[in-house]
Amino acid sequence: MEDKLLREEFDTGLKKIRHEIKSLLVPHGVFGIVTDVDSGSTGDVPDGTRIEIHAKGRTVGKSFDRRQIEGCCLRVRGAVLVDITAMVEEVSAAPQS
C-alpha cells in the first residue's frame, strides 16, 4: 500500500501527459501509440521516463525527469507541454520528399 502512495503523484503526472499527447494528436487526424520507459533508480519511484510517440511510421521521443512528471499531476504545463507539443508537431508533419 505504501509503495502505491509513493508513486501516485508520478503515475498521475504520467497519465496526464499521455492523455494530453493523445488529445494533441486528434486535431491532426493522427492516431498514435504513446509508450514510456522508466529510467534511473529501480527504487519506489524512477528518476525519470522516456516518452515516445509512434505514428505514421515515425517515432519521436523525449526524456523527462521525475520533477517534471510529478509537476504535471494536476495539469500538463510549462516546458513539458512545450516539449510534447513539439513532439506531436514533428510526428504529424507531412513526410519530406
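The values are calculated or read from the model by the stated rules, or taken from the named source; none is laboratory data. For clarity, every value in this text was computed on a predicted model and none was experimentally measured. Please note: Cβ atoms are built from the backbone with ideal geometry, for glycine as well, and neighbour counts cover all protein chains shown. Protein only, heavy atoms only, side chains kept; ligands, DNA and RNA dropped before computing areas. Shrake-Rupley method; radii C 1.70, N 1.55, O 1.52, S 1.80 Å.
Examine segment 42-63 for a residue that is touching a Pro at 6+ places or on another chain (Cβ under 8 Å), polar (S, T, N, Q) and free of Cβ contacts under 8 Å to residues at least 40 places away in the same chain, and state whether such a residue exists.
no
Taking interchain pairs and intrachain pairs at least six residues apart, which have beta carbon atoms under 8 angstrom, with the first residue in segment 12-32 and in contact (Cβ under 8 Å) with a residue 40 or more places away in the chain and the second among the basic types (Lys, Arg) and open to solvent by 50 Å² or more (accessible area, probe 1.4 Å)?
From residues that are in contact (Cβ under 8 Å) with a residue 40 or more places away in the chain, the pairs are LYS16/ARG75; VAL30/LYS56; GLY32/LYS22; GLY32/LYS56.
Please go through (1) within 24 Å of PRO95 (Cα to Cα); (2) of a type in the set (A, V, I, L, M, F, W, C); (3) in contact with a strand residue (DSSP E or B) (Cβ under 7 Å, 6 or more places away or on another chain) for LEU24 and return the number of the only condition it doesn't satisfy.
(3)
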